[in-house]
1. Would you confirm, using the coordinates I've provided, whether residue 203 is open to solvent by less than 50 Å² (accessible area, probe 1.4 Å), within 17 Å of the chain's Cα centre (by Cα) and closer than 26 Å to residue 32 by Cβ?
2. Out of the range 46-55, which residues are within 22 Å of residue 156 (Cβ to Cβ) and either open to solvent by 10 Å² or more (accessible area, probe 1.4 Å) or under 12 Å from the mean Cα position of the chain (by Cα) (or both)?
3. Which pairs turn up if I take residues in the range 21-44 that are touching a residue at least 24 places away in the same chain (Cβ under 8 Å) and look for partners that are part of a helix (DSSP H, G or I) and open to solvent by 20 Å² or more (accessible area, probe 1.4 Å) with beta carbon separation below 6 Å, at least 6 apart in sequence or on another chain?
4. Please determine, by comparing only the residues of the range 162-180 that are over 19 Å from residue 114 (Cα atoms) and β-branched (Val, Ile, Thr), which one is least open to solvent (accessible area, probe 1.4 Å).
5. Go through (1) open to solvent by 40 Å² or more (accessible area, probe 1.4 Å); (2) touching a strand residue (DSSP E or B) at 6+ places or on another chain (Cβ under 9 Å); (3) within 28 Å of residue 249 (Cα to Cα) for residue 121 and report which single condition fails.
6. Six or more apart or on different chains, Cβ atoms under 9 Å: show the pairs whose first residue is in the range 158-176 and aromatic (Phe, Trp, Tyr) and whose second is open to solvent by 10 Å² or more (accessible area, probe 1.4 Å) and in a helix (DSSP H, G or I).
7. Of everything in the range 219-247 that's among the hydroxyl-bearing types (Ser, Thr, Tyr) and under 27 Å from residue 25 (Cα atoms), which residue is least open to solvent (accessible area, probe 1.4 Å)?
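The values are calculated or read from the model by the stated rules, or taken from the named source; none is laboratory data. The shown structure was predicted, so the numbers you read here are calculated from the model rather than taken from an experiment. Please note: Cβ atoms are built from the backbone with ideal geometry, for glycine as well, and neighbour counts cover all protein chains shown. The accessibility values were calculated without ligands, DNA or RNA, using every heavy atom of the protein model including side chains. Shrake-Rupley method; radii C 1.70, N 1.55, O 1.52, S 1.80 Å.
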Amino acid sequence: MSDDKILKIIFFGDLVGRPGRNALKDFLAENKSNYDFVIANVENASHGFGLTLKNYNELSEYGIDCMTSGNHVWDKKEIFNYIDSADKLVRPFNYPKNTPGFGSRIFELENGSKIAVINVLGRVFMAPVESPWTVVKEEIERLKSITPIVIVDFHAEATAEKICFGKFCSELGVSAFFGTHTHVQTADEHIVNNMGYITDAGFCGSFDSVIGMDYGTSLNRFTTVVPERYDVADSDVVQINAVEVDINQSNGHTVAIKRVFCYVDKSKKEEENEK
């Protein structure tokens, strides 16, 4: 694949708990060779909140090249012990400057191509952070001076904010823009100003759930308004939500974009394995 000028990259929406990790593991076991670079949002990978070192290493072994995150990146406190040495992990860029970890990274492929990835938090209906509009522009320009391929994971709640920030990034020469956080894959993938765009990539995890979480606990929270910790849903059917982009490695332009939305019934798969 490295002989041509097109890089095929896949971005997985938020992994939710063990079902999300296992779904990704099975998908990559069959399809990893189809991609030059694999990115996944992992802020919900460890029981739905945060990322443990054990799960970071586990996901690395499955073939993920870059892990993005979001507002839940700090939920597992052990993150502070390893985030500075986790060379695949990117936390949101628009936290204060002294925040541990790195808000952007540059990855070099075997063929010499470099891919820059930057993670950004939105501010509408989210906890206060630095304005992405003011801090990200300079960083994207810096990354563009090193490589034409710049990918943005914008972790935000409001669709209007995602759409507007996506257009803003396209004007800065970003190659691909993936919205995350709301866990519902949108059907608006397209290319704008040579940038691949989708408002939300969706999530990977239990299909019979409420955005990956157990229906019962979700129902209790909505009907009683009493705080109750969410539990990750566990069902036989798991889903994969992802987005594929083909990027010209010489100029960083996306030339094709495709949504991935598939299901796997674990019970049927186990039956087939037993035959």
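1. Details: open to solvent by less than 50 Å² (accessible area, probe 1.4 Å): yes; within 17 Å of the chain's Cα centre (by Cα): yes; closer than 26 Å to residue 32 by Cβ: yes.
Answer is yes for this residue.
2. 49
3. Listed pairs, sorted by first residue: 25/62; 28/62.
4. The selected residue is 180.
5. Residue 121 satisfies every listed condition except (1).
6. 165/133; 168/133; 168/137
7. From the range 219-247, those among the hydroxyl-bearing types (Ser, Thr, Tyr) are 223-224, 230, 235; that's our starting set.
Remaining after also requiring under 27 Å from residue 25 (Cα atoms): 230, 235.
Details: 230: 60, 235: 17 Å².
Per the stated criteria, the residue is 235.
For every residue, the table says whether it meets (1) of a type in the set (Phe, Trp, Tyr); (2) open to solvent by 10 Å² or more (accessible area, probe 1.4 Å); (3) closer than 21 Å to residue 177 by Cα.
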{"residue": "6", "(1), (2), (3)": "no, yes, yes"}
{"residue": "10", "(1), (2), (3)": "no, no, yes"}
{"residue": "13", "(1), (2), (3)": "no, no, yes"}
{"residue": "19", "(1), (2), (3)": "no, yes, no"}
{"residue": "24", "(1), (2), (3)": "no, no, yes"}
{"residue": "28", "(1), (2), (3)": "no, no, no"}
{"residue": "34", "(1), (2), (3)": "no, yes, yes"}
{"residue": "41", "(1), (2), (3)": "no, no, yes"}
{"residue": "44", "(1), (2), (3)": "no, no, yes"}
